[in-house]
Every structure is written in C-alpha cells, then in structure tokens.
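Structure, as structure tokens:
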Protein chains: 4
Amino acid sequence: MKANDLQLLADVQGSPDSRHLPIQKVGVRRLRHPMRWQAKGQAQPTIGEFTFSVELPATKKGTHMSRFVTLLNQHEAPWSVADAPRVGKLLCETLEAERAFFEVGFALFVNKAAPVSGVSSLLDYHVTMRCESTHHDAHVTLVVQVPVTSLCPCSKEISAYGAHNQRSHITITANVTDDVMAEDIIATVEAQASSELYGVLKRHDEKFVTERAYDNPKFVEDLVRDVALALKKLPGLSQVTVEAENFESIHNHSAYAILTL
Amino acid sequence: MKANDLQLLADVQGSPDSRHLPIQKVGVRRLRHPMRWQAKGQAQPTIGEFTFSVELPATKKGTHMSRFVTLLNQHEAPWSVADAPRVGKLLCETLEAERAFFEVGFALFVNKAAPVSGVSSLLDYHVTMRCESTHHDAHVTLVVQVPVTSLCPCSKEISAYGAHNQRSHITITANVTDDVMAEDIIATVEAQASSELYGVLKRHDEKFVTERAYDNPKFVEDLVRDVALALKKLPGLSQVTVEAENFESIHNHSAYAILTL
Amino acid sequence: MKANDLQLLADVQGSPDSRHLPIQKVGVRRLRHPMRWQAKGQAQPTIGEFTFSVELPATKKGTHMSRFVTLLNQHEAPWSVADAPRVGKLLCETLEAERAFFEVGFALFVNKAAPVSGVSSLLDYHVTMRCESTHHDAHVTLVVQVPVTSLCPCSKEISAYGAHNQRSHITITANVTDDVMAEDIIATVEAQASSELYGVLKRHDEKFVTERAYDNPKFVEDLVRDVALALKKLPGLSQVTVEAENFESIHNHSAYAILTL
Amino acid sequence: MKANDLQLLADVQGSPDSRHLPIQKVGVRRLRHPMRWQAKGQAQPTIGEFTFSVELPATKKGTHMSRFVTLLNQHEAPWSVADAPRVGKLLCETLEAERAFFEVGFALFVNKAAPVSGVSSLLDYHVTMRCESTHHDAHVTLVVQVPVTSLCPCSKEISAYGAHNQRSHITITANVTDDVMAEDIIATVEAQASSELYGVLKRHDEKFVTERAYDNPKFVEDLVRDVALALKKLPGLSQVTVEAENFESIHNHSAYAILTL
C-alpha cells in the first residue's frame, strides 16, 4: 500500500543493503550552474558543469542526491584550488560519507594583448578542477586545455616554401597546490607552442604570428616534451601529464602525444 | 616581393573581385565570450557562443574579420531582444555592409521553487538569439529549448500499472518583439508538459511531479499542439515553430514532432 | 479501468483530435542502423543515423511510430538518390500520410591516391541525404561535407615567409537528381581548395600538398565563390548552397561564409 | 637551403633527441575507417574511430605517423578480442617500438526479439576495444555501453501511482580474454536493468516493458551493484568497472555511480 500522509514518505535510499558491495562514487553529473572562478586578480563569472559524488559503504542502499544540488545552490564563494578542500570536506559532512569527489569544468577567459599592435581581446580556455577528499585531507587536480598553433618541422624542412600548420590543443593535467594559478600554466604552455592564439589580430600582428610559427616548428612530440620541461620549473605542480593533439591541416585525423613526467 | 615595412602591409581583403558572386553571409563563428543577458528583473552573467556576419557584395574580395571580434570585445551592455537591432545596425556600419546577421547562444538560468516544499534552485535553459538587420530595420528571433518530462499516454492506457516517461526537449523558434521575455516562453511551455523539471526536489516534491506526470500523459504530438495553442496567446510572438523531442526511455532513439503555426 | 486482455489494447494514437492543428512532421530521429550506400562503382556498407517523419492531419491524434522502425529494419536495398523517391512513397503508404520526409546521415569513404607516391588510402566524408515526398512526387537533397586545407592569402602576402593554414569544412547542400553522385561533388570541391586532404602522405606527397596550398591561397570568401562557380557546371544540381568554415590556426574561433546560388 | 631533389628529403622525425624525455604514447587519433567486427556468429561491417600509438624512447625525435594509417588501410581481418594481440605486436614491429597501444570505438548492432510479439529489430551499442601490447604480451580491454530503462524505487514507493523512469547508460570496462563476447556482457547487463530497450515494440510489447520496469525499480546504486554481481559470474573478465548514468526525467542533470570490483 502507498503512503498518502506526506509526513510518512519512506526514506528508500536510507534503508540497509545486503549486497556487500561498496560503491566508490555515487552522485550527480552534468549539472550546469553559474559560478565565479577565482582568476588572477579577480573572481570571474562563468558557467560550470558540475559532478558531485561520495563513496557509499556496502551497508547503505543509496545516497541523498538532492543534497548535492542544494549544496551547489547555496555555494556563494568563488571556486578555486585554495577553497576546494573546504568544499570537499563539506560534501563528506553533508552526505555523511568518508570520501567525496567533485569536478567542475568551465570556460576561463584571459585578456591578451596582440603581439605588435597591443590590441587587447579575450581568449577562452577550458579548465576542469577535480577534488578528491576525506574529512581530513584533499587532493586537487587541474586540467587546463590550451589552444595553440603548431607548425610541422618536416613539412617546413622538405618544402621549397610554406609549411602546414593547424590549431592544436595542449592539455595539462596536474595535482596542484594553491601556489599555482591556471593562468600560470597557460602562459607556460603558450611560450612553448609554435605560436599562441589571440582573439583579435591586426595585420601587423598576423604577420608576426605567421612568422613566429614558421620560426618555431614543432611536432606533437616536441610540444609535449618542451611543455613538460617548462612545467618542471613551475612551483606547485606534481604528477604532471601533458597531451597534445594537432588537428592536422593535411589529414582528416589528428596527431596525438601524451607524456607523463 | 614581400612587404617589410609595417606601414605598407597590403589590404588583400579590400581588393576588388571579378567573380560576380555576392556572398549572403561572411564572418566569424564559434566565438566564446563572457556576456550579460537581460533576464527578467536583472542582467545575468553567462557565456555566449557568437556568430557575426555581413553580406558581401559581388565587387568585394573579402570582409574584415577582426572588426567583428573587436566589436564583441568592446560590447558592454547586456544583450537583449530590445537592444539587438542597435547591435545589428552597428555591425552594418562597422563592416560597411548593407545587411548584417548575428547569433548568440547561451545558458539562461531561472530560479524555481519546488512544487510542495518550495525549496528554490536554478534550472538551465539553452537560449539562442538571432538578428537579421539592415541599416534601417531588424528582425529578432529567439530559440528557447525547454527540458521537460513527457509521459506516454499509450503506455499508461494499456499497462496495468506504470507508464514510460522520459526527459524531452521542447524547442520554440519565433520572431519576437521586446514585449516578450524568454522566461515567458519557458513558463508557457512548462505548463503544457506532463511535468516541468527542477534542480532540487525533496521527497514530497518528487511524489508531486511523479503523480503530475501520470495525470498529464502527452505524446510528442500533444506536446507540440498544446504548446502551440498556448503560445498563440502570448503577445509579441510571430512565425512560431514548436519542436518536441522525447528521448524515449524504452527505445534508443527519439520521438520527434515539429509544428509551425 | 485498465485492459488486461491483450486483444483489446486501445489504439490511443488512432483516436480523433479536436485541436485543429496539423503537424508538419512527426516521427522518429537519432535512429542508428547499418546500411549500404550506393557509392560510385559499388554499394558501400556504413552506419546511418536516420530520421523518418510524416505529416499528421489536424483530425488525427498521433502517428504509429513503430512502423517507421519496422520499415527501416525491413529495408534491404542500398540507399541512393535514385531510390529515395520510392522509399518516400512507401513511407506515405505505410503511415497513411499525404507527405513524408526522411533523412539519413552517414560516413562515405573514398579511396584516394597520394599525389606523388600514388599510395592509396581512404578518406571519410559526412553525407546527409534528405527526401521530401508525397504519393506522387519527391525532392531529394544531398548535403556533402568536404574537409580540405585552406591557406590565408593575407597571411601569405604580408609575411616574409610562411602563411597560416588550417583544416576547413566545405559543405554543399543541393537538390539533386540521380545524374549526380556525392563523389562528383567531392571532387569538384576539392579541386577548388588550397589543397585536398589524404589519409596517407609519404614525404614527397607532404612536400607536394604543402607547396600546393601555398600556391593556392584562399579566403573563406574565395572558397565559397570558387566552389559555387565550379558546381554551376555540374549537371543534376539545383538550389545550391556552399558553406565554408575555417578552423583558424591563429584564433580559437572559425571564419565562416555561406553563398546560395 | 631547401631540398629540391625528391630522393634527398630529410627524415626529420628520425633525427636524435637530446631532451631526455620518453613519450608514453604518440600516434594518430580520430581516424575513421570502415571495419568488420567479429560479432557472435558472423563478422559485422561497421565504422570504427581509431587511435594508434607507440612508446617513443627519449633518444628519438619523432615517430612515423603515416605507418599507422597505412597499417589500418592494409588491415583486412575482422577486428576482435582474439586478434587484437596480433595487431598490437604488428604495431610494435612496424613502428620499431617497445610498446604499442590502439583503440577502436564503433557501433555494434544486436538483433533482438520484442518480448511478446517476437518482432525482431536491431539495437545499437557503443563498444570500444583497447589493446596495450609489447612484442611478447598484450592486454585487451572492452568498454561496452548498454542503454537501458531505469525506474526510480523512491518515486514508486512514495507516489500514489506512476514512477519516474528514463533512459540510462550502463558502461562496463573490463580486461577480457577471448572467452567473452561483447554480446555476453550486453545480455548480462540488460537482465539487471529495470527493463531493456528495443528498436521496435508493438502495443503488447510496450505494455510488457512498462510493467516490467515498474516491477523492477532500481536506483543508479542498484544498477551498478546488481550488474557487478552478475558480471562476477561471467568467465573471461577481470578488473571490472561498472558505471551507470540515469538521464533523470525529473531533473536536467544525471544521477551517476561507478563501482570497481
């Protein structure tokens, strides 16, 4: 028989479980919500896509999904590497769990000056922050995707003129402390590309980036090695992985490399 | 011979063209940028994906792409149906064109109260605004995608108990004046669904929406007809098209309908 | 009260409707199914994503969705422009409708020889066939997306060396008769690009395509105009639209043009 | 100075490297190609999206990308778990590498009989095969995504009638031997869902699956546990991970769980 008295609605999720199987992560995902990200200098409004989960012990049938969403709706602080451990511990408490995990992916915008004209414009980067935590401890990971230009050394070397080039994505995944900002990772990556990208380029700037790329040919192998070497010098990073994907302008597939330090 | 004097860089785009073919639209697309949208009550920060283009007469070789991006970087006002014609005319002037077009797609968030507990949470909707304009005239179109619950009338009727239901997208495309806000369209659509969606539902709310959906079974055909009839009463809309797509819970494909008033 | 006798299950979709609103298209979409496409020379196995729909008169409550899927499961012939009208009429008959529409999108593979070494490899193109039909008449549309290399004329002109280039998509949408094959459209488009793409390129081939692209710089505006002029000479096409999108290697957005003849 | 003699084109990739950084994986990705998959009973034509890579020692500047694509174009055998180690070793030899990795994702179709009418239709599943190999050894992983119906136990328990349900994806990732076929994994998963999906359902079938789902309510937690227990009994699997994602019909986000045995 079904409950009609609203006070008596059964707590199905709260009942015991006899399957003897803990679940490493259970929660919600693909949850879009406005957020502020603590960018260099100031908090930046953006839109996050969130995942929240907790560990579920073998003895419990289910978690309480609505608490994740309530927590997100009540969150007012800017999201940041520095604040992530606090949020992780709050998840553990709110969901009565030993371990919690959350992830947020968002567009970060950086104001860049064109290399010759100095004209400023925003460029967008996709950043993901992940946090694994217990009541006492947390590990924070940043994933930063940096779009750049790559120019093929082989094509340059063997051709009488020109060289094929293309947009590439260089993606950094690293455990981070709050000594490092996403913008630091971005700048380090861009310095190693054949050229960096800009929102607005005037003609003198376009000449500059064209010639810069031709002067700095890099294979996908060069990109991951040079970026890895440069990131070694950035404090606050550990367990660094560098991926590069070139959306080849002469093929309909990508060249790809991944290097873990 | 190539130019070395920066003052003398050729304006290749500005040269004449002899192919006798006008281009209806040329510009930039997939340009992500922070923006504010003039939501009901207040401007809401969000992230837009922009397309900008102009008509290119047969006599011109190319347009000046960087001007579109500069215009976006200089834009400070909230984006809105009311302000779109001004932007369209500005595009015509800045690009020295007879006709301009722009489009921006973004996530709009609406604060909703759960139906029984009254707990408030945000729900996200995808909205696209399009504007076709000349120096004197502009037409603005809104595309509003509203996620809802649909419950199958056939499944309910023929089954001893239960009924399959699923998430559906109802998408409204309409020419609009500034008498109408996206939130008005959303509320009108949600009132016609088997049930509307919420970010947070407590148990009493979940009981309510489950029973509401079962009490309001709708085929994809019912959704487009009922929404179309309801939108007829909303002032400020014309050339209305209603689409519904049910991500069927019993199949691995969708049911789909489109109705143009 | 609910039916228990399987013989007596109500035909809810077949009941009359009083809302006085015809529905232009109702059916199924996002239906994946193996298929053969009548490529040049031979039928080619591939995977299609299908949409099927019919017009629903104002007097009918719903269509019979399962008939679309049954028709697809029983279809054995290769899909082609020549055969599409027969399928369209079959849809009208099977669904007892005045008008029917279907669409299928799939990957078409073409065997290409590298320009110097002659090494052969497959390249993939995305093709969509659409068919609007009545019991007596049908119009078939092909949408063919051709990935190519584009090299920027401005970048080449103003730079001391090099020129930015990138992968581009040129998309042709045209009403077609069975005088034209997708491969004819593809070859016509590729001849107008800065360079065409290949699956496999040996070093001598890479030198060739690098230099070919540098020798044939094209703006997005040039691509749509040159392709449009070339397609004018191809028999069997009408209502031709040409789109070009350059995934710019110096920006994080695309350049885009659309030209309708 | 640039080479003009085709015989003398430099092998840039083959030159030595002094950065002292090995690269775990370098190769090509997003390569679409027709393939046959060794399904139960017979080889099935489908379209694969391929990744191929090898380990690059610290001393080498680059790999030879075209060899991967040549190998794919020359591959004639059906792809299978049983044959994957041979392909992995061939990659090691062809690319002169100590370790190789490849991955192929594709749509697998299974012919299913509707539960009451027995009407047969195909259902599509997304399968990914991964293979890590050396010259002597290989590990093969299958990732099988199974779309199912899930019905919420809480919604059923607390509501006077009805229960929200939705399409869900259950994804199995496991090391496999050739004792196991993807179809075995699929059947095992489907038996644990609230209901399985079908391409075609007649009215009597729709009644059956509606009632079956109502009789088998499962949280996302139940899905991963019940599937994990069932997969324990399937020979040929190890390191099994089960994920479930419910595309909630009452929310605009997903419920999600992941369990590793």
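Observations
- When the range D:49-65 is filtered for residues that are buried (at least 23 other Cβ atoms within 10 Å of the Cβ) and either within 13 Å of chain C (Cβ to nearest Cβ) or of a type outside the set (A, V, I, L, M, F, W, C) (or both), the ones remaining, listed by number, are D:Phe50, D:Phe52, D:Ser53, D:Thr63, D:Met65.
- Scanning the range C:177-214 for residues that are over 26 Å from C:Pro153 (Cα atoms) and of a type in the set (D, E, K, R) yields C:Asp178, C:Asp179, C:Glu183, C:Asp184, C:Lys202.
- Selection count, the range C:158-182, where residues are modelled with pLDDT of 95 or more, in contact with a Leu (Cβ under 8 Å, 6 or more places away or on another chain) and either over 18 Å from A:His251 (Cβ atoms) or of a type outside the set (A, V, I, L, M, F, W, C) (or both): 13
- Among the residues of the range A:238-256, the one identified as open to solvent by 10 Å² or more (accessible area, probe 1.4 Å), within 16 Å of D:Thr63 (Cα to Cα) and among the hydroxyl-bearing types (Ser, Thr, Tyr) is A:Tyr256.
- Selection count where residues are within 12 Å of chain B (Cβ to nearest Cβ) and not charged (D, E, K, R), scope the range C:216-246: 15
- With respect to the conditions (1) more than 10 Å from chain A (Cβ to nearest Cβ); (2) surrounded by 22 or more Cβ atoms within 10 Å (Cβ to Cβ); (3) aliphatic (A, V, I, L, M); (4) under 30 Å from A:Ser195 (Cα atoms), C:Ala114 lacks only one, and its number is (2).
- Scanning the range C:117-144 for residues that are within 13 Å of another protein chain (Cβ to nearest Cβ), open to solvent by less than 10 Å² (accessible area, probe 1.4 Å) and aliphatic (A, V, I, L, M), we see that the one that is farthest from the chain's Cα centre (by Cα) is C:Leu123.
- D:Thr94, sole failed condition from (1) of a type in the set (Val, Ile, Thr); (2) touching a Gly at 6+ places or on another chain (Cβ under 9 Å); (3) surrounded by fewer than 20 Cβ atoms within 10 Å (Cβ to Cβ): (2)
- Selection status of A:Gln24, out of contact with any His (no Cβ under 7 Å at 6 or more places or on another chain), in a strand (DSSP E or B), open to solvent by 30 Å² or more (accessible area, probe 1.4 Å) and more than 10 Å from chain B (Cβ to nearest Cβ): yes
- Residue pairs whose Cβ atoms lie under 8 Å apart, sitting 6 or more positions apart in sequence or on different chains, and linking a residue in the range A:95-116 that is charged (D, E, K, R) to a partner that is outside any strand (DSSP E or B), are A:Glu98/A:Pro57; A:Glu98/A:Cys92; A:Glu98/A:Thr134; A:Glu98/A:His135; A:Arg99/A:Cys92; A:Arg99/A:Thr134; A:Lys112/A:Tyr198; A:Lys112/A:Gly199.
- Residue within the range C:159-166 that is open to solvent by 20 Å² or more (accessible area, probe 1.4 Å) and in contact with a Pro (Cβ under 9 Å, 6 or more places away or on another chain) present: no
- Helices (runs of 4 or more DSSP H) fully within the range B:145-215 that include at least 3 residues being more than 7 Å from every other protein chain (Cβ to nearest Cβ) and touching a residue at least 40 places away in the same chain (Cβ under 8 Å): B:182-192, B:203-215.
- Evaluation of A:Thr46 against (1) over 25 Å from B:Tyr198 (Cα atoms); (2) in contact (Cβ under 8 Å) with a residue 60 or more places away in the chain; (3) open to solvent by less than 30 Å² (accessible area, probe 1.4 Å) (one fails), failing number: (1)
- In the set B:Leu231, B:Leu223, B:Leu259, only one residue is open to solvent by less than 10 Å² (accessible area, probe 1.4 Å), outside any helix (DSSP H, G or I), under 18 Å from C:His20 (Cα atoms) and of a type outside the set (Lys, Arg); that residue is B:Leu259.
- Of the residues making up the range C:192-213, none is among the aliphatic types (A, V, I, L, M) and either open to solvent by 30 Å² or more (accessible area, probe 1.4 Å) or at pLDDT below 95 (or both).
- C:Glu157 touching a helix residue (DSSP H, G or I) at 6+ places or on another chain (Cβ under 6 Å) and charged (D, E, K, R): yes
- Looking across the range B:247-261, the residues that are of a type in the set (S, T, N, Q) and facing chain C (nearest Cβ under 9 Å) come down to B:Asn252, B:Ser254, B:Thr260.
- Qualifying residue in the range B:99-116 (condition: part of a helix (DSSP H, G or I) and either small (Gly, Ala, Ser) or within 22 Å of B:Val140 (Cα to Cα) (or both)): no
The values are calculated or read from the model by the stated rules, or taken from the named source; none is laboratory data. Every value quoted in this text rests on a predicted model; they were computed, and no experiment measured them. Neighbour counts run over all protein chains shown; Cβ positions are idealised from the backbone, glycine included. The protein model used for the area step is the full one, side chains on, heavy atoms only, and it has no ligands, DNA or RNA in it. Shrake-Rupley method; radii C 1.70, N 1.55, O 1.52, S 1.80 Å.
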